[in-house]
């Protein structure tokens, strides 16, 4: 398995110095995605999972945790084994996920040795709009040695169902978590989307970030980046809407 390794990060795991493992492949095709190379298999600088673990073991005295991101890490059928090996090093594990693979989350949560210590759940747009995000096929991603998880996660089911199930699993897991929403330009995401997403969230922090261009999956989105003040204002308005709905909207 090949991954993209960020050796040291001070921002990806709240309160901890971490290494970040970015897995290839995603079942969604968000046009604004900044990790284009991981989705199109054009990423350079990939290393083996073994090399990444060698780095983590070498730096374990400095690191506090490891972040599993992507792409979509829940596509990897051996994700439980990866988490188990990280925890054996007495490091915390943060999982970044788009929330469309509740079967994998349920499997991870069943055992302490595979249970993440922190979860960041993306709430992209209203659940009923997830069909706008493209690919419904399951087998997207790295198929080397059968690493793609082919459990039913999205498949032929309606898009809102797995997202709603995943959000419920996260809320009830007892795991520290956060929600993340990108304040997309041009009113692509609106207060109506926040109203429809709000029932999925509890009182955990719900972070709203301004959109920034840069290696977007759809190059047209590069031209949509707004001025800083406008972008921050858009994010602030969505966060305020979340707070109005009784959620912990944050910038």
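The numbers here are math on the coordinates, done by the rules we state, and not lab data. Note that the coordinates shown come from a computational prediction; the quantities given were computed from them, not determined experimentally. Here Cβ is always computed from backbone atoms with ideal geometry, including for glycine, and neighbour counts include all displayed protein chains.
Between residue 59 and residue 103, the modelled labels are 3.4 nm apart [label points 7 Å from Cα along Cα→Cβ].
Length gained on full extension, residue 90 to residue 51, computed as 0.36 nm times the residue gap minus the Cα-Cα distance: 12.2 nm.
With the simple spin-label model, which puts each label point 7 Å out from Cα in the Cβ direction, the residue 224 to residue 6 separation comes to 2.2 nm. Note on the chain: GNM, Cα springs under 10 Å; of 101, 23, 53, the largest mean-square fluctuation is that of 53. For 74, 26, 250, 33, the sequence from fewest to most other C-beta atoms within 10 Å is 250, 33, 26, 74.
With each run of n ≥ 4 DSSP H residues scored as -39500 (n - 2.57), what mean residue ellipticity at 222 nm is computed for the chain after dividing by its residue count and rounding to the nearest 500 deg cm²/dmol? All intermediate terms of the calculation are to be shown ahead of the outcome.
Working: 7 runs with 69 residues, N = 251.
One gets -8000 deg cm²/dmol as the mean residue ellipticity at 222 nm.
Build a GNM of the chain with springs between Cα atoms under 10 Å apart, and of 223, 59, 180 the one that fluctuates most is 223. Build a GNM of the chain with springs between Cα atoms under 10 Å apart, and of 65, 99, 213 the one that fluctuates most is 213.
Ranking 1, 104 by Cβ neighbours within 10 Å, fewest first, what do you get?
On the way: 1 18, 104 23.
Ascending number of Cβ neighbours within 10 Å: 1, 104.
Note on residue 44 and residue 192: the model spin-label points, each 7 Å out from Cα along the C-beta direction, lie 4.4 nm apart.
Relative contact order of segment 2-181, taken over Cα pairs closer than 8 Å and 6 or more residues apart, is 23 percent.
FRET efficiency for the pair residue 81 and residue 240, taken as 1/(1 + (r/R0)^6) with r the Cβ-Cβ distance and R0 = 41 Å, rounds to 0.45.
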